Structures are given as C-alpha cells and as structure tokens.
There are 2 protein chains.
Amino acid sequence: MRIAETDPSTRSRIREAALRLMAERGLAGTSIRDVAREAGVSPGLVQHHFHTKERLKQEVDAWVVEQLRGEFESVTVSGSMAQVSDQFCRAVVRFGTSCPELPAFIARTLLEGGAMAEGMFDGLVGLTRASLELVAAEGGLWPGTDMVWASIQLTMMWLGPLLVQPLIERHLDQPLISDAGIERWRLANAALVRRGLLSPERDAVEPG
Amino acid sequence: MRIAETDPSTRSRIREAALRLMAERGLAGTSIRDVAREAGVSPGLVQHHFHTKERLKQEVDAWVVEQLRGEFESVTVSGSMAQVSDQFCRAVVRFGTSCPELPAFIARTLLEGGAMAEGMFDGLVGLTRASLELVAAEGGLWPGTDMVWASIQLTMMWLGPLLVQPLIERHLDQPLISDAGIERWRLANAALVRRGLLSPERDAVEPG
DNA sequence: GAGCCGGCAATACGATCGTATAGGCTGAGT
DNA sequence: ACTCAGCCTATACGATCGTATTGCCGGCTC
C-alpha cells in the first residue's frame, strides 16, 4: 500500500505533489503552479488531468479516504480491548508510514470541517464506540461510564497525538511513527485505559 | 477579559475581524480586503494600522498569546490533581467563551508549527507535567509511569477536544463550551485519570 | 484662523492567481 | 504512411492579491 512506485504515472505524481503541499500549506496556500513545480510538470498539465483546482482537491481527498479505509477496514472490533488497541496501533503505523504527510493533511481536513471531516471522525468514534460496547457487554467497563465521552477519549488518545505529531516529537527521543515510538505510545495508552494515571492510594487519601 | 467593548477602537475591530477570518480560513485564505470588509473599513485602513499582512498576523498572534497567558496564568500548580483539573476547566471555559474563534485559531497555529506553536504546546505540557510531578512526589502516580507520555495524555485530554470542537459537538447534546458541557467533559476526564476505562475485574480476566 | 497631524478612503501598480486555448510531440491503429 | 488520440508545454486573459501612493477631512496646537 506504499504510494510511491505502485503507480508512477504522471497523474499520480501530480496528486502526490498536491497532497504534500496541501498538507503543508493548506488548500488556499497551494497554487496549481506550486503543484506543477513540485511534480516537475507544467501548470497546464495539472489542469489537463484535473480540470480545476477544486477537482484536484476532490481527487486528493478521495485518495486519502481510500487510504484511510484501506488501513482501518482490517481493524475488526472483536476480542479484548488490548487486541483492538493493538490492531489500531498497527493501522496507525501503516497509515503514518505509507505517506508522512497524511497526518497533517487529515488534521487540516478535520479542522476545516465539512462532510469529509465528519465522515472520518464519526467513523473513528464509531469504531472505538463499538469496541467499547463489546467490552461493556461483558461488564468490563466501570458502571455509569459516559459511553459517548469514553469513545471520544479513546479516539483522541490515538488521533490527538497524530494531529500535533511534530509538536509531540519534540518531547520524545524518537519519531512518533516508528516501531519503538508507537510501542511506547501504545503502552502509555494501555496504562491510561486500564488503570488511569492516579494510583489507588491517591483515591483514598484524596477523594476530591 | 472580554474582547468586545473593552477596546472599541477601529484598530481592534480590524484585529478581531482578522482573527475571525484567519481562524476560519487560514492565513493564506484571508485577504486584506476580506478583513477590511469584515471589519467594515476600507482596505487602505488595514494597512494604515498594520503595515503589512505579516505584521497584522503577528499582532493577531500576539493578542491570542496574551489571552492564553491571561487565562492560564491563574492556574497554579498546587493542591490535588482534581483542583488543578478544576482550574484548567475554568480556564478553558473562560478561554473558549471569551472569543469563540480562539480554539480554531489555536488549532491552526498548532498545525502550522513554528515558534508560537511550540511555545503554546510546550507551555501546556509543562503545566501538566509540573502538576504530575507534584502528585508523583506524594506517591500518587503508578510506579513506572511514563511521565512524558502522561503529560502529553493529560494535555491532549483538554486540548484535543478543543481542536476538533465542532466534530465532537455532533456527538453531544449540548455545546462543548458551556457550563453543562464542560462539567460532563471534566467528569469524563476525571474518571479516566482516576481509574481508566476498564474496571478491575477486566484486569483479572484478561491480562493481555 | 492658519498650520498640521492622524484616521480613513480611493486609486494605482506589479505579481500571482485560476482558467482557457492553442500548438507540439509521440506512439498505437489502420 | 497516414491519422488520430492523448500527454504535455506555452501563452494569454481577467480577477484578485499585497502594497505604495495620494488626498480628503476633522480636531488639535500656536
């Protein structure tokens, strides 16, 4: 599912260049001439393949959604939460390594709002929600858990750091999207989900 | 610390209009003429007060940082984590209600990167880190806790939903930035920090 | 009351934007 | 061998961009 070399056509090169620049500078900050220069072609060719800037943006969006769907459709909501979390983990690392610009692009998409953002976000929340429902059915959740917020929390645990990846990596001694980086991330998330941050003694000492 | 009426000068109106549009469309998507129209003045006046678009952006940035500093300098890192969380809560609600466009603007700032983004993010992480250190000194944290990731998690618990506020509100039956919305948010965060999502029985049944 | 200064609008200019159009090159089909 | 479709470049046009310049107007000082 690598993006390079699988389709070396000029059209794909243009789309990839557009994705790269749009992730970095946003749609308004990316001109067709910029895309052409980045792809090493003439500006006219860009509009030969994608007639307007809007259509180019739509094709980039569609490609990103396809990547997202491809990586996360393998995440089956079954088994323990640890297993689901592990699948999520692998999906995230596949997703992030397939194209380094994807997290930034998605961050912009989510920020921009619109149907695509809602589809992405609701899809992720729905996935974690379904996973939580399974655990809840076996009595694995605390009674009285706010399922809506719990789903959001679980989603943001994975999505949040991805959105501000460069800022977070300044606090880590390794890339976030790497085997070691993801593992450390996963361990922290697992610890938080399993037992929170405060140790039980704290509860007794400080009920406030 | 309201933004309107405290300084009704034309210059401030222009700055507020710029903040609004830049939060919504980004810097590249906001022209000086747009700002002027939004503020109800002539484009020439915008560059009379702020000589260039870059300077205008800088002043908007500075104002936002000032608001951030003003709201969060009252958060003293002392007392229980619940108290700190409560202070955070109040700061967030003050911050979000003082100017509804601020979260989106900050989201763009963090996404864009740069010194301002790093200053903001590191400041927040540092604040939560200090709070965690205090709790840790009293033995309130689980042994072996990854302090770096715990700080990030705690920060993202409050920052994350703010960044994707419109997407999250679609799953809630109330505005996120409201007394009831914030309280529900705070309860979910408190529960997660205190005990995680999984109940202890789950631990025994499923150690994976 | 003359002079002046700062808030404000209007206009102009060069650059760059998105888009339209026309032309050149190449390879496959007949 | 000729044609023709498709990839690609080049050029052009109108709109809009950021910015510079000019001038109007009201309130201030001396």
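Read-outs throughout are calculated quantities, based only on the coordinates presented, and are distinct from any laboratory measurement. Being a predicted model, the structure only gives us computed values, none of them experimental. Here Cβ is always computed from backbone atoms with ideal geometry, including for glycine, and neighbour counts include all displayed protein chains.
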Next item on the list: Would you mind getting me the FRET efficiency between B:E101 and A:S42? Use the beta-carbon distance for r and R0 = 51 Å, nearest 0.05.
Entry: 0.80
Next item on the list: Please give the helix B:10-25 orientation as an angle from the longest Cα principal axis of chain B, in degrees from 0 to 90, rounded to the nearest 10.
Entry: 50 degrees
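Please compute the average number of Cβ atoms from other chains found within 10 Å of each residue's Cβ in peptide A:78-84.
That average works out to 3.
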Item checked: Cut-off 12 Å between beta-carbons: net charge of the residues surrounding A:L68, Lys and Arg +1, Asp and Glu -1 -> -2
Notebook entry, point to check: Of all the Cα-Cα pairs you can form in the range B:22-66, what percent are over 11 Å apart?
Noted result: 66 percent
Next item on the list: Alpha carbons only, please: Rg and Dmax for chain A, in angstrom.
Entry: 19.9, 70
Check: Mind ordering B:188-197, B:48-57 by average Cβ neighbours within 10 Å, highest first?
Finding: B:188-197, B:48-57
Notebook entry, point to check: So what J values fall out for the range A:108-121 if you push phi through Karplus, 6.51 cos²θ - 1.76 cosθ + 1.60 with θ = phi - 60°, rounded to Hz, Gly and Pro as x?
Noted result: 5, 4, 5, 5, 5, x, x, 4, 5, 4, 5, x, 4, 5
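As a test of understanding, state the convex hull volume per residue of the range A:159-200 from its alpha carbons, in Å³.
Expressed per residue, the convex hull around the Cα atoms of the range A:159-200 is 81 Å³.
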Checklist line | Spin-label pair B:R13/B:E118, simplified geometry with 7 Å Cα→Cβ offset, distance in nm | finding: 3.9 nm
Check: In the range A:6-89, what is the volume of the convex hull around the alpha carbon atoms, normalised per residue and reported in Å³?
Finding: 107 Å³
Next item on the list: For helix B:81-98, report the angle its Cα long axis makes with the longest principal axis of the Cα atoms of chain B; keep it between 0 and 90° and round to the nearest 10°.
Entry: 20 degrees
Note to self: If each label sits 7 angstrom from Cα along the C-beta direction, how far apart, in nm, is A:S42 from its counterparts in the other copies?
What the structure shows: 4.3
Next item on the list: Straight distance only, please: which aspartates and glutamates reach the Cα of A:K57 with their own Cα at less than 20 Å, same-chain residues fewer than 8 apart left out?
Entry: A:D7, A:E16, A:E24, A:D34, A:E38, A:E66, A:E101, A:E112, A:E118, B:E24, B:E112
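Considering every Cα-Cα pair within the range B:78-124, what fraction, in whole percent, is farther apart than 11 Å?
71 percent
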Item checked: Helical mean residue ellipticity (222 nm; -39500 (n - 2.57) per DSSP H run of 4+; nearest 500) of the protein assembly as shown -> -22500 deg cm²/dmol
Note to self: Once the convex hull of the alpha carbons of the protein assembly as shown is built, what does its volume come to per residue, in cubic angstrom?
What the structure shows: 148 Å³
Check: Could you give, in nm with one decimal, how far B:G29 is from each other copy of that position, shortest first, with labels 7 Å out from Cα toward Cβ?
Finding: 1.2
Notebook entry, point to check: For helix A:53-72, what angle does its Cα long axis make with the longest principal axis of chain A, in degrees from 0 to 90 and rounded to 10?
Noted result: 40 degrees
Check: Relative contact order of chain A: what whole-number percent is it, with Cα pairs under 8 angstrom and at least 6 residues apart?
Finding: 18 percent
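Across the range B:109-186, how large is the tail of the calculated P(r) beyond 16 Å, expressed as a percent of all Cα pairs?
60 percent
Could you tell me what a quarter of the Cα convex hull surface of the range A:111-150 works out to, in nm² with one decimal place? Show your work: numbers first, answer last.
Working: hull surface 12.1 nm².
For the range A:111-150, averaging the hull's shadow over all directions gives 3.0 nm².
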